[in-house]
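Participant: Before we start, here is the structure in question, set down as structure tokens.
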There are 2 protein chains.
Amino acid sequence: MTDHPAPHHVVVVGAGFGGLQVVHNLAGAPVTITILDRRNHHLFQPLLYQVATTSLATSEIAWPVRHLVYKRKEVETLLGAVAGVDAGRRKVLLEDGAEIAYDTLVLATGARHAYFGHDEWEPFAPGLKTLEDATTIRRRILLAFERAERETDPTKKAALLTFVIIGAGPTGVELAGTIAELAHENLREDFRHIDTRTARVVLIEAGPRILPGFKEELSAYAQKALDRLGVEVKLGNPVSNCSAEGVVFGGEKLAAKTILWAAGVQASRAAEWLGAPADRVGRVIVEPDLTVPGHPNIFAIGDTIAINGPDGNPVPGIAPAAKQEGAYVAEVIKARLQGKPALGPFQYKHAGSLATIGKRAAIADFGWIKVRGSLAWWLWGIVHIYFLIGLRNRLGVALSWLWIYSLGQRSARLITQGKQWAGEDKA
Amino acid sequence: MTDHPAPHHVVVVGAGFGGLQVVHNLAGAPVTITILDRRNHHLFQPLLYQVATTSLATSEIAWPVRHLVYKRKEVETLLGAVAGVDAGRRKVLLEDGAEIAYDTLVLATGARHAYFGHDEWEPFAPGLKTLEDATTIRRRILLAFERAERETDPTKKAALLTFVIIGAGPTGVELAGTIAELAHENLREDFRHIDTRTARVVLIEAGPRILPGFKEELSAYAQKALDRLGVEVKLGNPVSNCSAEGVVFGGEKLAAKTILWAAGVQASRAAEWLGAPADRVGRVIVEPDLTVPGHPNIFAIGDTIAINGPDGNPVPGIAPAAKQEGAYVAEVIKARLQGKPALGPFQYKHAGSLATIGKRAAIADFGWIKVRGSLAWWLWGIVHIYFLIGLRNRLGVALSWLWIYSLGQRSARLITQGKQWAGEDKA
């Protein structure tokens, strides 16, 4: 190595689906790689709602990033939070003052939930993006039932047994369906002073139908499946207030002690770090080759960018899109290092859309075919187990699901994180 | 029911091994029961160190209390924290102001770790009693390696790679052995800038030998097993200081960023609630029938009491002792309700002692036979899986162990709870 120049160094910020795909597809290329993430684990976000609703353990859907790449000796993994990028000096700046030099930078920093200018709603309506979000939501759902069991005032009891989910995209629908099953089936026999079947699960959507990303017939089917589960769907009115008392929408006040936010996302601060053009939710408007305008050696991928697919519609913020972008960026980097001509622009291929509604129904749209009902549900389960990393997690998740679907026993009904009952989380 | 008097009401505070045994053995008795706990889950504490050392998921060793008794319609489960007992009015007083009436009260409220008058050490040397303790310790261990990977100062790096465990009872020995395996085997290939095999694991014990509860020959064997794992055992000097810099013992300063406390326990406040006689760590000195002196209708069991066995030695603070006490109390209550003569005093029967040292060695002492090495280890594993509740958890734990022992992959290497890298947990 001594008479060679230092190899080209790629820094990938964010170990989600997109970032890891870049690293994976750069295997064998003449580069060294740093993966930088503020968390030590890669998270399988499509199943995060199952942690939030007591079906899966946190460790069943998360893996230590460094262990995923331990065989790749040219890859280092660092835990750290990015504060900015100094593009002139080609350095990533960390919050703790450290700097990491790059030749090529890939920003795959994802998104957080957003409250449309109402950040003051966050304490009352937590969103679902991280493992901690999931255990927070799990705690709130379970504590609501525990408090209702001890509450003697019928009005307060009703508010404790009202669960509001704001936003009817896939996450909102999945949360609503699973909470309804939890209340109306799984918890039914465990309480003495409340009938958990009387719990209300209310799904509020500002638009005219649920699952707006799906074809109308599938979203109508999903709506019927939610009806069967006892979920109340309220369409056509945005939420105008969230508080410790409940929500207000369409002029109606709904008393609810548990409110979950699944209504919108805000991109990470990647655009700010670079002064790059961004859309209204902060996503970098990238060039057709996924570089940040004005920075040919900085790529951005995944939920942190806005780009249109070949049909003119925005590329959706889903794992397959991030992975395709990651694979494309790896090819661009390799082509450049080999002095090959520039690749054509990134072309998104939509493989299909999947969503579940509780444990027996799902919808799938592959463009050429639409599937719904239990066949779609099996498809959904198999696809998700297939994409989990490692046999250990596939077996673990399959085992958890087997128990839920055959016995109705959810294995992760734990209230954790709170110091204790008395002082904690009274919002 | 209308022309019968209200049934005798038993309140059991604490859903650990002892409390649940009382409830279990009262099945069929003419009583109603309230189980009160400040947490919603029963915890299998003997395996808690495996959560702290990334081997098991939290939900594999914890079960929602109310689900464990859902078939017993005469049993209600309440989540709440006790503030005191009004023995005159026969009420349990909760921190939130509520009161729960009892005819018979069973206090099975356990113990916390104690710092011998040095509570200021707690932030630097967390103990291990709850699921949150376990995830806190897990986070600290994993963050120490992460920080060492990024540390350039060799002195600071060495302090980050020094893990001190204070107290060489079973928990201390289990923690030390597992952390040594984690550092010296499992994590070995995952880092680029540190050699995790150079990590020091130091077990400090004030007494003259490790595992003082075991026979000398078994504790000598355990010491050898720790030596083989690379654990440094320091005997004969108590720790005189814990800080963010490390520990001081026997005049020696040891720089260490991770310190774990396994040196002592303090009983819950049950004795205070009743003004009852207590030993120096706050354990209620109960009557031979496990009632609290002066309160014939209040029992105390488990780690919250001090009582001697038939050999004159104190009954140890282990699950089988708490279960025997719980079973005995249920018999006393049933005998009283049937108007039978009082039972003889509680007689503890020691079934045996078990401890593991890493993944290949263990010691077992059944009095009539002592076992050590891999036979003892298999015995330990089988006993613990047997005592787990439910096939689901037995399969889950068996699966996790299979992966660890065959592939060296620990499935729960997650850093959670911290807000993010930058601001968090810098102690």
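The values are calculated or read from the model by the stated rules, or taken from the named source; none is laboratory data. Not measured: the values here are computed from a predicted model. All Cβ positions, glycine included, derive from the backbone under ideal geometry; neighbour counts span all protein chains shown. Each accessible area value is taken on the protein alone, full model and side chains, heavy atoms only, with ligands, DNA and RNA left out. Shrake-Rupley method; radii C 1.70, N 1.55, O 1.52, S 1.80 Å.
Participant: Measuring from the lowest to the highest alpha carbon on each principal axis, how far does the protein assembly as shown reach, largest first, in angstroms?
Facilitator: Principal extents (Cα only, largest first): 94, 70, 41 Å.
Participant: For the range A:119-263, what is the relative contact order in percent, using Cα pairs closer than 8 Å and at least 6 residues apart in sequence?
Facilitator: With pairs under 8 Å counted, the relative contact order is 33 percent.
Participant: Could you state the orientation-averaged shadow area of the convex hull built on the Cα atoms of the range A:119-263, in nm² to one decimal?
Facilitator: Seen from a random direction, the Cα hull of the range A:119-263 projects 8.4 nm² on average.
Participant: Also, quick follow-up: Is any residue of the range B:41-56 close enough, with backbone N under 20 Å, to a label point placed 7 angstrom from the Cα of B:His24 along the Cα-Cβ axis, and if so, which?
Facilitator: Output list for this probe position: B:41-48.
Participant: Could you give the spread of the C-alpha atoms of the range A:259-338 along their three principal axes, from largest to smallest, in whole angstroms?
Facilitator: 53, 27, 22
Participant: Taking the solvent-accessible surface of protein heavy atoms with a 1.4 Å probe, what is the per residue accessible area of the protein assembly as shown in Å²?
Facilitator: 41 Å²
Participant: Which distances in nm, rounded to one decimal and ordered from shortest, link the label point of A:Ala220 to the equivalent label points in the other identical copies, with labels set 7 Å from Cα toward Cβ?
Facilitator: From this label point to the equivalent ones elsewhere in the assembly: 8.3 nm.
Participant: Enter the accessible area of B:His193 (Å², nearest 10), with the probe set to 1.4 Å and all protein chains included.
Facilitator: Looks like 90 Å² after rounding.
Participant: Hey, rough spin-label estimate for A:Ile385 and A:Asn237, points 7 angstrom out along Cα→Cβ, what's it come to in nanometres?
Facilitator: 4.3 nm
Participant: Sticking with this one: So, with a 1.4 angstrom probe, what is the percent of accessible area on the range A:119-263 that is carbon and sulfur?
Facilitator: Carbon and sulfur atoms account for 50 percent of the accessible area of the range A:119-263.
Participant: Also: Work out Dmax and Rg for the range B:116-158 from the C-alpha atoms and quote the Rg first, both in angstrom.
Facilitator: Over the range B:116-158's Cα set, Rg and Dmax evaluate to 13.2, 37 Å.
Participant: Still on this structure: Just by accessible area at a 1.4 angstrom probe, what is the order of A:Ser353, A:Ser406 from largest to smallest?
Facilitator: Result, largest first: A:Ser406, A:Ser353.
Participant: Here is a further query. Return the ratio Rg/(2.2 N^0.38 Å) for chain B, where Rg is computed over Cα atoms only.
Facilitator: On the way: Rg = 22.6 Å, N = 427, 2.2 N^0.38 = 22.0 Å.
In units of the globular-protein estimate, chain B measures up at 1.03.
Participant: Using a Gaussian network model of chain B with C-alpha springs under 10 Å, which one of B:Leu274, B:Leu407, B:Leu94 is most mobile by mean-square fluctuation?
Facilitator: B:Leu407
Participant: Could you point to the residue in A:Ile166, A:Val13, A:Gly312 farthest towards the positive end of chain A's charge dipole, with +1 and -1 charges on the Cβ of Lys/Arg and Asp/Glu respectively?
Facilitator: Value computed over the given set: A:Ile166.
Participant: Can you give the local net charge around A:Arg90? Use residues other than it whose beta-carbon is closer than 13 angstrom to its beta-carbon, Lys and Arg +1, Asp and Glu -1.
Facilitator: Its environment carries a net charge of -1.
Participant: Further, regarding this structure: Report the label-to-label distance for A:Lys340 and B:Arg228 in nanometres (one decimal), using points 7 Å from each Cα along the Cα→Cβ vector.
Facilitator: So the two model labels end up 5.3 nm from each other.
Participant: Just grab the label-to-label distance for A:Ile285 and B:Phe116, each label 7 Å out from Cα along the Cβ direction, in nm (one decimal).
Facilitator: The answer from the label model is 6.8 nm.
Participant: Distance in whole Å from the A-onto-B rotation axis to the closest C-beta of chain A, together with the residue it belongs to, please.
Facilitator: A:Ala57, 2
Participant: Pairs A:Lys253/B:Lys71; A:Lys334/B:Lys157; B:Lys129/B:Lys234; B:Lys129/B:Lys359: which exceed 28 Å Cα-Cα?
Facilitator: Too far apart for the 28 Å limit: A:Lys253/B:Lys71; A:Lys334/B:Lys157.
Participant: Probe radius 1.4 Å, ligands and nucleic acids left out: can you give me the accessible area buried at the B-A interface, summed over both chains, in Å² to the nearest hundred? Write out the running numbers ahead of the final one.
Facilitator: Details: alone 20030 and 20020 Å², together 34680 Å².
The summed interface area works out to 5400 Å².
Participant: Between copies, how close do the A:Gln347 label points come, placed 7 Å along Cα→Cβ, listed in nm from shortest?
Facilitator: Counterpart label points of A:Gln347 in the remaining copies fall at 8.5 nm.
Participant: One decimal, nm, shortest first: give the distances between the label point of B:Ala27 and those of the same position in the other copies, each label point 7 Å from Cα along Cα→Cβ.
Facilitator: Label-point distances to the other copies, shortest first: 5.2 nm.
Participant: Among DSSP bridges having both ends in chain B, what percentage is antiparallel? Round to the nearest 5. Please report the intermediate quantities before stating the final value.
Facilitator: On the way: 32 of 66 bridges.
Within chain B, antiparallel bridges account for around 50 percent of the total.
Participant: Sticking with this structure for a sec: How big is D, in µm² s⁻¹, for the range B:74-139 by Stokes-Einstein at 25 °C and 0.890 mPa s if Rh is the Kirkwood radius over C-alpha pairs?
Facilitator: Values: Rh = 14.8 Å.
Result for D is 166 µm²/s.
Participant: Expressed as an acute angle from 0 to 90° and rounded to the nearest 10, what is the orientation of the C-alpha long axis of helix B:374-387 relative to the principal long axis of chain B?
Facilitator: Between helix and principal axis, roughly 40 degrees.
Participant: What does DSSP give for the protein assembly as shown in terms of the percent of beta bridges that are antiparallel, rounded to the nearest 5?
Facilitator: Around 50 percent of the beta bridges assigned by DSSP in the protein assembly as shown are antiparallel ones.
Participant: Also, I was wondering about something else. Expressed as an acute angle from 0 to 90° and rounded to the nearest 10, what is the orientation of the C-alpha long axis of helix B:170-181 relative to the principal long axis of chain B?
Facilitator: Value to nearest ten degrees: 30.
Participant: Taking the Cβ of B:Ala108 as the center, what net charge do the other residues with Cβ under 11 Å away carry, scoring Lys and Arg +1 and Asp and Glu -1?
Facilitator: -2
Participant: Let me ask something else. Roughly how many percent of the accessible protein surface of the range B:1-85 is carbon and sulfur, given a 1.4 Å probe and a whole-percent answer? Write down the numbers at each step before the final one.
Facilitator: Numbers: 1630 of 2740 Å².
Whole-percent figure for carbon plus sulfur exposure: 60.
Participant: Keeping all protein chains in place and using 1.4 angstrom, which order do A:Lys234, A:Lys349 fall into by accessible surface area, from largest down?
Facilitator: A:Lys349, A:Lys234
Participant: Oh, and also: Tell me, how many Å apart are the Cα centres for the range B:215-276 and for the range A:182-228?
Facilitator: Here the two parts' Cα centres lie 52 Å apart.
Participant: Report, as an integer, the average count of C-beta atoms from other chains found within 10 Å of each Cβ along A:407-415.
Facilitator: For peptide A:407-415, the averaged partner shielding equals 6.
Participant: What lysines sit close enough to B:Lys340 to cross-link, taking a C-alpha to C-alpha distance under 27 Å and skipping anything fewer than 8 places away on the same chain?
Facilitator: Straight-line reach from B:Lys340, under 27 Å: B:Lys73, B:Lys91, B:Lys323, B:Lys349.
Participant: With n ≥ 4 as the cut-off for DSSP H runs, can you work out [θ] at 222 nm for the protein assembly as shown, using -39500 (n - 2.57) per run divided by the number of residues, rounded to the nearest 500?
Facilitator: -9000 deg cm²/dmol
Participant: Could I ask something else about it? Of the DSSP beta bridges with both residues in the range B:119-263, give the percent that are antiparallel, rounding to the nearest 5. Write down the numbers at each step before the final one.
Facilitator: Details: 7 of 21 bridges.
In the range B:119-263, approximately 35 percent of DSSP beta bridges are antiparallel ones.
Participant: Here is a further query. When the dipole is taken about the Cα centre of chain A, and only Lys, Arg (+1) and Asp, Glu (-1) are charged at their Cβ, what size is it in debye, to the nearest 20?
Facilitator: My answer is approximately 880 debye.
Participant: Mind jotting down a quarter of the surface of the convex hull over the alpha carbons of the range A:309-427, in square nanometres, one decimal? It would help to have the intermediate numbers written out before the result.
Facilitator: Numbers: hull surface 52.8 nm².
Quarter of the Cα hull surface area: 13.2 nm².
Participant: Can you give me the C-alpha center-to-center distance between the range B:92-116 and the range A:123-164, rounded to a whole angstrom?
Facilitator: A separation of 25 Å, based on Cα centres.
Participant: Looking at A:Thr155, A:Ala225, A:Asn241, which one has the Cα that reaches farthest to the positive end of the dipole of the range A:119-263 (charges on Cβ: Lys, Arg +1; Asp, Glu -1)?
Facilitator: The residue sitting most towards the positive pole is A:Thr155.
Participant: Determine the distance separating the Cα centre of the range A:30-54 from the Cα centre of the range B:288-314; give it in Å without decimals.
Facilitator: Taking the Cα centre of the range B:288-314 as reference, the centre of the range A:30-54 is 50 Å away.
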